[in-house]
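J.: Got a structure for you, written out below as structure tokens; questions coming shortly.
The values are calculated or read from the model by the stated rules, or taken from the named source; none is laboratory data. Quantities reported herein were computed from a predicted structural model and do not represent experimental measurements. Methodologically, a virtual Cβ is constructed for each residue, glycine included, from the backbone with ideal geometry; neighbour enumeration extends over all protein chains shown. Heavy atoms of the whole protein, side chains included, go into the accessibility calculation; ligands, DNA and RNA do not. Shrake-Rupley method; radii C 1.70, N 1.55, O 1.52, S 1.80 Å.
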Amino acid sequence: MLKKMMALSGSLLLTVGLLSGCGSGGTDASKESAGGKEDLKTVTINMFTASPEYTDAFNAYIEEYKKVKPNVKINLEIMQADYNTILKSKIASGSTPDVFQTTAGGDIDTYADYSADLTNEPLAAAMTDAVRANMSSSDGKVLGLPVKGNLFTLIYNKDLLTKAGVTSPPKTIAEMQDAVTKLEAKGITPFANAYKEWWVWKHIFQHYVDAAAQDAGVEPKQLVSDFIAGKAKIKDYPVLYNNFFSFIDLTVKHGTDKPLERDSNAEVSDFASGKAAFMTGKGAWDEEAIKKINPDLKIGIMGYPVSDKADQSVIITGADQALRINKDSEVSKETIEFFNWLYTSEYGKNWFSQVAKVIPPIKDAPLPDLEMPKEMESILKTSKSGDLSVNYSLDTFHQKFGELMQAYISGNMNKDQAVAEIEKAWVQLGSAQ
């Protein structure tokens, strides 16, 4: 049975082009006006995605591909609210779209039976190593292609830190506590949060999971597997039991008011308007929204100060969203050909950075002209990025985790109660098995 994927807030349905149903695309023959010869068959590819923020960018590559393959029509359907429920309904009724979107990591296996094997395709060879790993199933097959590369980080306002006398981004718990004291002495709120959203919690927590795994001498994937199997306990990992909860307490006490009422847009507004110095639970995708509010804001990125070890404060990179090609689609061949073009052509290499303005998930592609990706490139010249450990658990778990953390900061659960429920949810919801 398919597990529930990422639940997205809001409601938006966009249909682009002529939608001819939700199932696999069909073909029809057309005739030339002169000569009576049969042209290439018209091929219709139906895409069903949950990324409304990339509507214009998707439409741009659809228009460009018409110049390459005039006989290929791509219908784009984008749904934000209830996307996961409707996708599962389509699949259950035998109307699986030619292209559909899921989260990466564990959900690569969840939808393996519906996904074309892309392992030997040029698009797979074009992926960066980290992204390819995020798109691969447990048996090593590339079953997805990334919407974008991503960056998960604490975001900070460089001018506010300078004003407070914080000369460099804090890397340890003690340095963060010192920064909080200095910021508040200048009348600056340290943290902007979006704790109304369930998904911001997983973005923060994964930094602590990585550090806990490092302390235990195992890979993050192994540690997460142990939690899913019920073999691991949060109390046995001080970075998780002490440091993570202490950081959340710090952000609530020294953050913007009414944290459970602040959603993603409110957090961006708080940060962009200079109401807070740090923005928690977010990443590179927010830069354009921040800049629309305050074009002059100087943005910095940093790892979370997860412990007293400065080298554990790292940014995390990778791909957490995947497009899947329906292996049983009547137009799977043409669909794969389309994405091979996007991932290997000169247009495609530039589409990610110049049109979509995202971190390219492919090799030898330029970065977008944005501050966070450029700073990421600079940081990664001397530092390693962390493991995208959210990918090792399903979003069914992550959503429950977010709800439990909301209960914790509201006072409806104490820490030990929240920990017990998190461990239970990890076993029940963390894996498709």
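J.: Work out, step by step, the length gained on full extension between Ala185 and Asn294: first 0.36 nm times the residue separation, then minus their alpha carbon distance; give nm to one decimal.
T.: Contour length minus Cα-Cα distance gives 36.8 nm.
J.: What accessible area per residue comes out for the chain, rounded to a whole number of Å², with a 1.4 Å probe?
T.: 43 Å²
J.: Using alpha-carbon positions, what is the distance between the centroids of region 92-122 and region 178-208, in Å?
T.: 35 Å
J.: Which ³J(HN,Hα) values in Hz, rounded to whole numbers, follow from the phi angles of region 132-146 under the Karplus curve 6.51 cos²θ - 1.76 cosθ + 1.60, where θ = phi - 60° and Gly and Pro get x?
T.: For region 132-146, the Karplus-derived couplings read 4, 4, 5, 9, 9, 6, 5, 9, x, 7, 7, 10, x, 10, x Hz, x marking Gly and Pro.
J.: Calculate how steeply helix 83-92 sits against the longest principal axis of the alpha-carbon atoms of the chain, using the helix alpha-carbon long axis, and give the answer as 0 to 90 degrees to the nearest 10.
T.: Relative to the chain, helix 83-92 is tipped by roughly 40 degrees.
J.: Another one. Do the sum for the chain: with -39,500 (n - 2.57) for every DSSP H run of n ≥ 4, divided by all residues, what is the mean residue ellipticity at 222 nm, to the nearest 500 deg cm²/dmol?
T.: One gets -11500 deg cm²/dmol as the mean residue ellipticity at 222 nm.
J.: Something else about it: Using a simple spin-label model with points 7 Å from Cα along the Cα→Cβ vector, what separation in nm is obtained for Lys233 and Lys309?
T.: Reported label-point gap for Lys233 and Lys309 is 2.3 nm.
J.: Share of the chain's accessible area from carbon and sulfur, percent, 1.4 Å?
T.: With neighbouring chains kept in place, the figure for the chain is 48 percent.
J.: Note down the accessible area of Ser383, probe 1.4 Å, to the nearest 10 Å².
T.: 50 Å²
J.: In terms of modelled amide H atoms, which long-range or inter-chain residues lie less than 5 Å from the amide H of Leu394?
T.: Placed amide hydrogens put Ser431 under 5 Å from Leu394.
J.: Rounded to the nearest 10 Å², what accessible area does Ser329 have for a 1.4 Å probe in the complete protein model?
T.: Rounded to the nearest 10, that gives 10 Å².
J.: Let me ask something additional. Put Thr344, Thr335 in order of accessible area, largest first, 1.4 Å probe: what do you get?
T.: Thr344, Thr335
J.: Holding the Cα-Cα limit at 21 Å, pick out from Lys282/Lys384; Lys163/Lys309; Lys202/Lys424; Lys349/Lys384; Lys202/Lys235; Lys163/Lys202 the pairs that are longer than that.
T.: Lys163/Lys309; Lys349/Lys384; Lys163/Lys202
J.: Keeping all protein chains in position, work out how much accessible area Val43 exposes to a 1.4 Å probe, and write it in Å² to the nearest 10.
T.: Spelled out: Val43, probe radius 1.4 Å, area about 10 Å².
J.: Got a sec? What order do Thr167, Thr162 fall in by accessible area at 1.4 Å, biggest, i.e. largest, first?
T.: The residues order as Thr167, Thr162, largest area first.
J.: Ranked by accessible surface with a 1.4 Å probe, highest first, in what order do Lys231, Lys66 come?
T.: Of Lys231, Lys66, the descending order of accessible area is Lys231, Lys66.
J.: For region 91-174, what Kirkwood radius comes out of the mean inverse Cα-Cα distance, in Å?
T.: For region 91-174, inverting the mean 1/r across all distinct Cα pairs yields 15.9 Å.
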